[in-house]
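Participant: After the structure tokens below, expect a handful of questions from me.
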């Protein structure tokens, strides 16, 4: 009976940590693989992805660009999409969209084109979503505003260490259940990150659905709802 390949076992461990949001652990695992096999493509790409999620943005960009093929060789869609995500975090949106288009050209089944919306179009979509929410959430919106931003920022991550550059939304503040005795002076808000949401679906309808689910989930945090209550409202 052959022994399992240690690199394969480590790769599975790294993927599981990455999926669970344990980015520091995943980074350590992929760097362990690279000590054994410095040319391991999957570990090189995942290492760059971990750096991106950890807000080590320039390191991530350097790492993913080191994997760019020569001009006469076709790019890898995973690599192109990751570089696009990193550039988008840096605010270099035109470069990012060119790379998202390239990833889509190379692998249209797995990489859809972003559904780009103007600020006005996104507001129209958001207004329609807000009118469709359950009453308990619409009441909460009157207390806690929805704020639309292009992307999360490093400053937000410093206050909320668990967030990464690709999150769709964020509740910032104090939940209702923790209000008593709280000394936090920061105003409550639910943030929606437009450029990430625009890449969450293949059509305006799918983006609208993701906006709705994100709002429900973030206001669920504000209201202190548990998983069963989230399921009841269709948030789970």
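Values quoted throughout were computed directly from the atomic coordinates according to the rules given, and no laboratory measurement underlies them. Values in this document were obtained by computation on a predicted structure and should not be read as measured data. Here the Cβ is made from the backbone with ideal geometry for all residues, glycine too, and neighbour counts use every protein chain on show.
Participant: Just the Cα atoms of segment 119-232: what Rg and Dmax do they give in Å?
Facilitator: Reported Rg and Dmax, both Å: 14.0, 45.
Participant: Under 1.5 on a/c is rounded, so check that first for segment 4-66, then, if it is not, pick prolate when a/b is larger than b/c and oblate when it is not; a ≥ b ≥ c are the square roots of the alpha carbon gyration tensor eigenvalues.
Facilitator: Working: a/c = 2.54, a/b = 1.31, b/c = 1.94.
Here segment 4-66 falls in the oblate category.
Participant: What relative contact order, as a whole-number percentage, does the chain give when Cα pairs under 8 Å and 6 or more residues apart are counted?
Facilitator: Rounded, it is 14 percent for the chain.
Participant: Could you put 131, 93 in order, starting from the residue whose Cβ has the fewest other Cβ atoms within 10 Å?
Facilitator: On the way: 131 8, 93 15.
Least to most surrounded, the residues fall as 131, 93.
Participant: A further question on this structure: Bin width 10 Å, origin at 0, all Cα-Cα pairs of segment 60-187: what percent of pairs per bin?
Facilitator: Final binned percentages: 10, 29, 30, 19, 9, 2, 0.
Participant: Could you rank the peptides 95-102, 10-17, 108-115, 48-55 by their average count of other C-beta atoms within 10 Å per residue, with the highest value first?
Facilitator: Most protected by this proxy first, the peptides run 48-55, 95-102, 10-17, 108-115.
Participant: Ordered by packing density, taken as the mean number of other Cβ atoms within 10 Å over each peptide's residues, highest first, how do 18-28, 76-86 rank?
Facilitator: Ranked by mean Cβ neighbours within 10 Å, highest first: 76-86, 18-28.
Participant: Continuing with the same structure: Could you work out how far apart the two model spin labels at residue 116 and residue 131 are, taking each label as a point 7 Å from the Cα in the direction of the beta carbon, and quote it in nm?
Facilitator: 2.9 nm
Participant: Spin-label point model (7 Å from Cα, Cβ direction): what's the residue 39 to residue 175 distance in nm?
Facilitator: 5.0 nm
Participant: How large is the Kirkwood hydrodynamic radius of segment 1-137, in angstrom, based on all distinct alpha carbon pairs?
Facilitator: On the way: mean 1/r = 0.0585 Å⁻¹.
After inverting the mean inverse Cα-Cα distance, the result is 17.1 Å.
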